[in-house]
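Participant: Pasting a structure below so you can have a look.
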Amino acid sequence: MTEIDITILFAGVVAGAAPIVLATLGETITEKAGIINLSLDGTILLSAMAAFVVAFETKSILLGFAFAAVVGGIVAAIVAFFSIYLNQSQVAVGFVLTLMTRDLAYFLGNSYSRLQGPQVLPLPIPFLKDIPFLGQILFNQNLLVYFSLVMIVFCWWYMYRTPLGLKLRSVGENPRASYARGINPKKQQMLYSICGGLLVGLAGATFSLSVKPGWGRPQGAEGVGWIALVLVIFGGWHPIKAAMGAYLFSFLQVIGIYCQGWLPTVPAQVFQVAPFPLMIFTLLVMSLAQKESVLNWAEDHIRMKSILAFLSGSVPTSLGKPFRQE
Amino acid sequence: MKIFLRHLFEGTLTLLVVFLFTTIVLLVSGAPPFAAYYHIFIGSLGSWIKLGQVIQVWIPLTLCAVGLLYTFRIDLWNIGVEGQVMLGAVFTTAVLRIDAAKSMPMLFIGLSFVAGILGGATWAILAGVLKTKGGVNEIFAGLGLNFVGQGVILWLIFGPWRRPGIASMSGTELFPHELWLPFLPTFRLSPVGLVLALSALILTALLLRYTHIGLSLKAIGNNRDAAYLFGLKPDRNMIIAMIFAGGFAGLAGGIQVVGVYHRLLPAISSNYGYLALLVVMLANYNVWITPLVAFFFACLNVGSIQLPMMLELDSSLSGVIQGSLVLATLAVYSYRIRGKVSGGTPAI
């Protein structure tokens, strides 16, 4: 491979990762506040459909994105409402919504299938794009890619460097204690579920207006929501690590496309499902890395120890267990 | 009487909410709502043949749902049921592809069902072991295995089992007629599948109600730690529950292959596994309500096939109705619980 190829490859990785990064960050925020929004896979499709249809009808890409974000926020609000105010299982409601929003997307978007619609245009940043190598990868992209990059840093800063972020984390760790400190856990969880949902909605719009332009059944974004949910675990509920997971995933996807060219004898179906066994394997390694016997063994292996330290992330203590006022 | 009236009121309220929501969805998409409802009704219960199609959907749906009763009882989210149907179908097809099958059809159809059960159970055990030994959440393990199952089917159809000539999404070559399940002419429906589904239902009702297994599953599902201290083995019972769920799902996949499509298709599982999860939730995990809900869902699925032909709508409307029905039921149900709390009864 020549150097130009590598630049194109990495630019493709960064562009393709944008929606996954957004969805992963959104879910990280939501889960950090203690709510699991399992409906990601369907929400992404529904918001992708909404974005495409609105952008197609109004010729305004901005409206498409706004509408998609609202859709994502509404679905997340439903999950949070059922859990916080109706005491229903987040997993159950999230799963029902996964299926329902997907079907809703296919149903409502049916007459917009396979149409040529508007797309996000590239927006190279002057001067910065001329930086050798990095310039082409990071600064010769569209606005969404820049947005996803900024959001990674912003999420980290908000969660770990602001008083508001401290509140957010405290609600996910120990809602009872934060209640005693005068924080309303229910309101916080509702707020951050919706914030997370907005980002997931934008992720959907990024698919239908940029990464996989257009609408259809299937759209091509199917399965990504589940990947994002796993990436949150992979990232140990830390926005930067989770985003790194998203780039790693996008890298593997791009490599997969190259591999198909190099290894024509391997059927295409193998590459299509390859992320999923990998996903199980990742979770398995993550889980084993927490086991005491493995940790003891790693004491003697310095390199393994640092790998394990990287893999270990702490799950928000009250994740999935909503606050009950007595 | 008072309880009955309350149930009646809640049921009506739920249906009204769902009806309103669906009507709005139809209006938004610019379709005539009542024409859509009419076609769904006529398309599912309008004739004996349609009823036969409904029962044909009811069979795998009920089998999957019945299996999920075991896993839900022990508090496992067996999302992998979809993949378990697929693997059941793959194993069944593998047996029927043996050359000797044509000469002894009855024996091989029986064997193929056993293989289907094994296939589904294998996939379920895999998810179960990942959960108990590997600490991988069963939702992600099962879901990952669903995608892998789909990949296996596609690979087989386009690879080793492709049709002579050209491989396509329409599946493998049709089996010879000897290897089709016999079917009733008026309904175009195989009674064998119906008998199997009903037996699974009765077996499950008995097992869960009267045996040690049923009690253990329930005890562990309710309070895992207490059950463990009591001497029950949570891990082993989880695997047992998964074997039941996977076995029934695999049988469903086998019936789809032998009795319905007579070949292996990419869409052999038709999302019945995912749908079965909704069925069981809507039935509130009750053995006897499960087949009724499954019947209603089957009607919606079969009826909505008319929508693309008659009104140029997507058939996924059935999924919208089913999903909103479950959500509305959960909302109304939790409102009742809340009413109880404020009524003075102590909270649980």
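The values are calculated or read from the model by the stated rules, or taken from the named source; none is laboratory data. These figures come from a predicted structure and were not determined experimentally. Methodologically, a virtual Cβ is constructed for each residue, glycine included, from the backbone with ideal geometry; neighbour enumeration extends over all protein chains shown. Accessible surface is based on the protein model in full, side chains and every heavy atom, while ligands, DNA and RNA are left aside. Shrake-Rupley method; radii C 1.70, N 1.55, O 1.52, S 1.80 Å.
Participant: Return yes or no: is residue A:211 in contact (Cβ under 8 Å) with a residue 60 or more places away in the chain, in contact with a helix residue (DSSP H, G or I) (Cβ under 9 Å, 6 or more places away or on another chain) and open to solvent by 20 Å² or more (accessible area, probe 1.4 Å)?
Facilitator: Working: in contact (Cβ under 8 Å) with a residue 60 or more places away in the chain: yes; in contact with a helix residue (DSSP H, G or I) (Cβ under 9 Å, 6 or more places away or on another chain): yes; open to solvent by 20 Å² or more (accessible area, probe 1.4 Å): yes.
Spelling it out, residue A:211 is indeed in contact (Cβ under 8 Å) with a residue 60 or more places away in the chain, in contact with a helix residue (DSSP H, G or I) (Cβ under 9 Å, 6 or more places away or on another chain) and open to solvent by 20 Å² or more (accessible area, probe 1.4 Å).
Participant: In region A:214-227, what count of residues is obtained for those that are open to solvent by less than 10 Å² (accessible area, probe 1.4 Å), more than 10 Å from every other protein chain (Cβ to nearest Cβ) and either more than 21 Å from residue A:116 (Cβ to Cβ) or in a helix (DSSP H, G or I) (or both)?
Facilitator: Result for region A:214-227: 1.
Participant: Here is a follow-up. So which residues in region B:165-176 are more than 14 Å from every other protein chain (Cβ to nearest Cβ) and open to solvent by 10 Å² or more (accessible area, probe 1.4 Å)?
Facilitator: B:165, B:166, B:170, B:173, B:174, B:175, B:176
Participant: Can you name every residue in region A:15-38 that is away from chain B (no Cβ under 14 Å) and open to solvent by 10 Å² or more (accessible area, probe 1.4 Å)?
Facilitator: Applying the first criterion (away from chain B (no Cβ under 14 Å)) to region A:15-38 yields A:15-26, A:28-30, A:32-35.
A:15, A:16, A:29, A:32, listed by residue number.
Participant: Here's something else I'd like to know. For region B:122-138, which residues satisfy the criterion of being aliphatic (A, V, I, L, M), open to solvent by less than 10 Å² (accessible area, probe 1.4 Å) and more than 7 Å from chain A (Cβ to nearest Cβ)? Don't jump to the end; show me each part of the working.
Facilitator: Step one: filter region B:122-138 for residues aliphatic (A, V, I, L, M), giving B:124-127, B:129-130, B:136.
Filter again for open to solvent by less than 10 Å² (accessible area, probe 1.4 Å), leaving B:124, B:127, B:136.
Residues satisfying the conditions are B:124, B:127.
Participant: Under 6 Å by Cβ, and 6 or more places apart or on different chains, what pairs join a residue from region B:129-150 that is free of Cβ contacts under 8 Å to residues at least 60 places away in the same chain with one that is open to solvent by less than 10 Å² (accessible area, probe 1.4 Å) and among the small types (Gly, Ala, Ser)?
Facilitator: So the pair list comes out as B:130/B:141.
Participant: Have a look at B:57, B:17, B:28 and point out the one that is under 20 Å from residue B:323 (Cα atoms) and away from every other protein chain (no Cβ under 14 Å).
Facilitator: Criteria check complete, one pass: B:57.
Participant: Still on this structure, please answer the following. What's the total number of residues in region A:147-181 that are open to solvent by 70 Å² or more (accessible area, probe 1.4 Å) and either of a type in the set (A, V, I, L, M) or outside any helix (DSSP H, G or I) (or both)?
Facilitator: Qualifying residue count for the region: 7.
Participant: Just checking, which of B:305, B:268 is out of contact with any Asp or Glu (no Cβ under 6 Å at 6 or more places or on another chain), open to solvent by 10 Å² or more (accessible area, probe 1.4 Å), over 16 Å from residue A:95 (Cβ atoms) and of a type outside the set (Asp, Glu)?
Facilitator: On the way: B:268 fails: open to solvent by 10 Å² or more (accessible area, probe 1.4 Å).
After ruling out the rest, the residue left standing is B:305.
Participant: Quick test of your reading of the structure: residue B:19 fulfils all but one of (1) within 28 Å of the chain's Cα centre (by Cα); (2) touching a residue at least 24 places away in the same chain (Cβ under 8 Å). Name the failing condition by number.
Facilitator: Going through the list (1) within 28 Å of the chain's Cα centre (by Cα); (2) touching a residue at least 24 places away in the same chain (Cβ under 8 Å), residue B:19 breaks only (2).
Participant: Checking the condition modelled with pLDDT under 85, of a type in the set (A, V, I, L, M) and closer than 26 Å to residue A:15 by Cα, which residue from A:283, A:311, A:278 passes?
Facilitator: None of the other options fit; the residue is A:311.
Here's the yes/no breakdown for (1) of a type in the set (A, V, I, L, M); (2) under 28 Å from residue B:116 (Cβ atoms):
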residue: B:203; (1), (2): yes, yes
residue: B:208; (1), (2): yes, yes
residue: B:211; (1), (2): no, yes
residue: B:215; (1), (2): yes, no
residue: B:228; (1), (2): no, no
residue: B:231; (1), (2): no, no
residue: B:237; (1), (2): no, yes
residue: B:240; (1), (2): yes, yes
residue: B:246; (1), (2): no, yes
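Participant: Let me ask something else about it. Go over the candidates B:162, B:97 one by one and state the one that is more than 14 Å from chain A (Cβ to nearest Cβ), within 22 Å of residue B:268 (Cβ to Cβ) and of a type in the set (D, E, K, R).
Facilitator: B:97
Participant: Need the failing condition index for residue A:86 against (1) of a type outside the set (Lys, Arg); (2) touching a residue at least 12 places away in the same chain (Cβ under 8 Å); (3) surrounded by fewer than 19 Cβ atoms within 10 Å (Cβ to Cβ), just the number.
Facilitator: Condition (2) is where residue A:86 drops out.
Participant: Filter region A:315-326 down to the residues that are within 21 Å of residue A:28 (Cα to Cα) and open to solvent by 80 Å² or more (accessible area, probe 1.4 Å), then identify the one that is modelled with the highest pLDDT.
Facilitator: A:317
Participant: Enumerate the pairs (first residue in region B:168-187 and free of Cβ contacts under 8 Å to residues at least 24 places away in the same chain; second residue anywhere and open to solvent by 60 Å² or more (accessible area, probe 1.4 Å)) with beta-carbon separation below 9 Å, excluding pairs fewer than 6 apart on the same chain, so at least 6 apart or on different chains.
Facilitator: B:168/B:158; B:168/B:162
Participant: Report, by residue number, each residue of region A:107-126 that is surrounded by 17 or more Cβ atoms within 10 Å (Cβ to Cβ), more than 8 Å from chain B (Cβ to nearest Cβ) and more than 24 Å from the chain's Cα centre (by Cα).
Facilitator: A:112, A:117
Participant: Under 27 Å from residue A:228 (Cα atoms), without any contact (Cβ under 8 Å) to a residue 24 or more places away in the chain, within 14 Å of chain B (Cβ to nearest Cβ) and of a type in the set (D, E, K, R), is that true of residue A:291?
Facilitator: Against the criterion (under 27 Å from residue A:228 (Cα atoms), without any contact (Cβ under 8 Å) to a residue 24 or more places away in the chain, within 14 Å of chain B (Cβ to nearest Cβ) and of a type in the set (D, E, K, R)), residue A:291 qualifies.
Participant: Please go through region B:31-47 and pick out each residue that is within 14 Å of chain A (Cβ to nearest Cβ) and crowded, with 16+ Cβ neighbours inside 10 Å.
Facilitator: Hits for region B:31-47 are B:31, B:36, B:40.
Participant: Hey, another quick one. I need a count of the residues in region A:40-66 that are within 14 Å of another protein chain (Cβ to nearest Cβ), over 17 Å from the mean Cα position of the chain (by Cα) and touching a residue at least 24 places away in the same chain (Cβ under 8 Å).
Facilitator: Final tally of qualifying residues: 3.
Participant: So, restricting to helices (runs of 4 or more DSSP H) that lie completely within region B:269-315, which ones have at least 2 residues that are away from chain A (no Cβ under 11 Å) and over 15 Å from the mean Cα position of the chain (by Cα)? Break it down stepwise before answering.
Facilitator: Values: elements: B:272-282, B:289-303, B:306-311.
Per the criteria, B:306-311.
Participant: Next up: Which residue, of A:63, A:104, A:97, is modelled with pLDDT of 95 or more and open to solvent by less than 10 Å² (accessible area, probe 1.4 Å)?
Facilitator: A:97
Participant: Would you confirm, using the coordinates I've provided, whether residue A:298 is over 23 Å from the mean Cα position of the chain (by Cα), surrounded by 14 or more Cβ atoms within 10 Å (Cβ to Cβ) and among the small types (Gly, Ala, Ser)?
Facilitator: yes
Participant: If residue B:91 meets every condition in (1) surrounded by 24 or more Cβ atoms within 10 Å (Cβ to Cβ); (2) of a type in the set (A, V, I, L, M, F, W, C); (3) over 18 Å from residue B:267 (Cα atoms) apart from one, which number is that one?
Facilitator: (3)
Participant: Would you tally the residues in region A:263-275 being open to solvent by 80 Å² or more (accessible area, probe 1.4 Å) and either modelled with pLDDT of 80 or more or at the interface with another protein chain (Cβ under 10 Å from one of its Cβ atoms) (or both)?
Facilitator: Total meeting the criteria: 1.
Participant: Related question: Among the residues of region B:140-150 satisfying the criterion of being closer than 13 Å to residue B:78 by Cβ and at the interface with another protein chain (Cβ under 7 Å from one of its Cβ atoms), which is nearest to the chain's Cα centre (by Cα)?
Facilitator: Only one residue fits best here, namely B:143.
Participant: Do you know which residues across region B:209-250 are hydrophobic (A, V, I, L, M, F, W, C) and open to solvent by 20 Å² or more (accessible area, probe 1.4 Å)? Let's see the steps before the verdict.
Facilitator: To start, the set of residues in region B:209-250 that are hydrophobic (A, V, I, L, M, F, W, C) comprises B:213, B:215, B:217, B:219-220, B:226-227, B:229-230, B:232, B:238-245, B:248-249.
Within region B:209-250, B:213, B:215, B:219, B:226, B:229, B:230, B:232, B:239, B:240, B:243, B:244, B:248 meet the criteria.
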